[in-house]
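These notes concern the structure reproduced below.
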């Protein structure tokens, strides 16, 4: 999260995630491709949530939004 903030990169990069999912499903083979895809989709979602919490935790903006 901190590196993305310093480099002014978005937390969510659809193309990057799609590319990784394509590679993972290809490498997993036909028996496991769906499971690998779902696993990595869940992992990406958790990672985005964590990064969002790290970047936007109790700063001036979020404190105002909580009121």
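Here, each number is a calculation from the coordinates, and none is a lab measurement. Keep in mind that what you see is a predicted model, and the values were worked out from it rather than measured. Quick reminder, even Gly has a Cβ in these numbers, built from the backbone with ideal geometry, and neighbours come from all protein chains shown.
Roughly how many nanometres apart are two label points built 7 Å out from the Cα toward the Cβ at residue 19 and residue 55?
My value for the distance between the label points is 1.8 nm.
Using a basic spin-label model with each label point 7 Å from the Cα along Cα→Cβ, how many nm lie between residue 5 and residue 35?
Going from the residue 5 label point to the residue 35 one covers 3.8 nm.
Taking the Cβ-Cβ separation of residue 46 and residue 26 as r and a Förster radius of 22 Å, what is the calculated FRET efficiency to the nearest 0.05?
Details: r = 23 Å, r/R0 = 1.04.
The pair residue 46/residue 26 has a calculated efficiency of 0.45.
Let me check against my output: what whole-number percent is the relative contact order of the range 2-66, with C-alpha pairs under 8 Å and at least 6 apart?
Numbers: 24 pairs, mean separation 19.2, N = 65.
Relative contact order for the range 2-66 comes out at 29 percent.
What do you get for the angle between helix 14-28 and the principal long axis of the chain? Use alpha-carbon atoms, 0 to 90 degrees, nearest ten.
30
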